[in-house]
1. Any idea how many residues of region 97-119 are more than 25 Å from Glu42 (Cα to Cα) and small (Gly, Ala, Ser)?
2. Can you name the residue in region 30-51 that is in a strand (DSSP E or B) and surrounded by fewer than 15 Cβ atoms within 10 Å (Cβ to Cβ) and, of all such residues, is modelled with the lowest pLDDT?
3. Which of the residues belonging to region 108-124 are crowded, with 16+ Cβ neighbours inside 10 Å, part of a strand (DSSP E or B) and under 19 Å from the mean Cα position of the chain (by Cα)?
4. What pairs come up if the first residue lies in region 55-70 and is surrounded by 13 or more Cβ atoms within 10 Å (Cβ to Cβ) and modelled with pLDDT of 95 or more, the second is part of a loop (DSSP other than H, G, I, E, B) and among the aromatic types (Phe, Trp, Tyr), and their beta carbons are under 6 Å apart, counting only those six or more places apart or on different chains?
5. What are the residue pairs meeting all of these: first residue in region 38-49, first residue under 16 Å from Val73 (Cα atoms), second residue part of a loop (DSSP other than H, G, I, E, B), Cβ atoms under 8 Å, and 6 or more apart or on different chains?
6. I'm trying to understand the selection: among the residues of region 59-77, which are out of contact with any Leu (no Cβ under 8 Å at 6 or more places or on another chain) and either of a type outside the set (D, E, K, R) or assigned to a strand (DSSP E or B) (or both)?
Amino acid sequence: MKKNQLIVLGIIFFFILILIFIPKYINKGDKTVKYKVLESSEIPEKIKEILPKYLAEERALTLRLNDEIYVLVMRGEKNTGGYTVNVDKIIKEQKTKEEFELIVHAKFKDPAEDDIVAQSFTYPFAIVKTNLKNMPENIRLEIEYE
């Protein structure tokens, strides 16, 4: 009976090791980036100055300001209000030891047909301040519609 118990414990131990180490190999160094969504009052003036150049485009971009890295996500020009942008997560994908790419996962929400919305052009966007120290080589926007 003890031999069977040792075999079962060995198998359990083996599976625990697999559960611990396999995700590291699957992710290949991918890492979730910590960030803080900025309210309008928290957006630095320099970003407010350059933001209008990019608002008409649907894209994500990074910006370095005072040794801090910001990610801006824009939806482009919309005919009415009621459109939103939310950053869901940011993944850092290592390409080489120094170079990496950012994958920004954003959720876009459109107004419902019966929503009462502003009847003017709007430019929905979100700005986040990250914990990154270096700029990425590339940034990719992955969109999910709610």
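The values are calculated or read from the model by the stated rules, or taken from the named source; none is laboratory data. If you're wondering where the values come from, they're calculated on a predicted model, not measured in any experiment. Neighbour counts run over all protein chains shown; Cβ positions are idealised from the backbone, glycine included.
1. Counting residues in region 97-119 that are more than 25 Å from Glu42 (Cα to Cα) and small (Gly, Ala, Ser) gives 1.
2. The residue in question is Lys31.
3. Phe108
4. Going by the 6 Å Cβ cut-off, the qualifying pairs are Leu55/Tyr123.
5. Hits for this filter: Pro44/Asn66.
6. Within region 59-77, Arg64, Leu65, Asn66, Glu68, Arg75 meet the criteria.
Residues are listed down the side, and each one gets a yes or a no for (1) within 20 Å of Leu63 (Cβ to Cβ); (2) in contact (Cβ under 8 Å) with a residue 60 or more places away in the chain; (3) not acidic (Asp, Glu):
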{"residue": "Val85", "(1), (2), (3)": "yes, no, yes"}
{"residue": "Lys92", "(1), (2), (3)": "yes, yes, yes"}
{"residue": "Lys95", "(1), (2), (3)": "no, no, yes"}
{"residue": "Ala118", "(1), (2), (3)": "no, no, yes"}
{"residue": "Phe125", "(1), (2), (3)": "yes, yes, yes"}
{"residue": "Lys133", "(1), (2), (3)": "yes, yes, yes"}
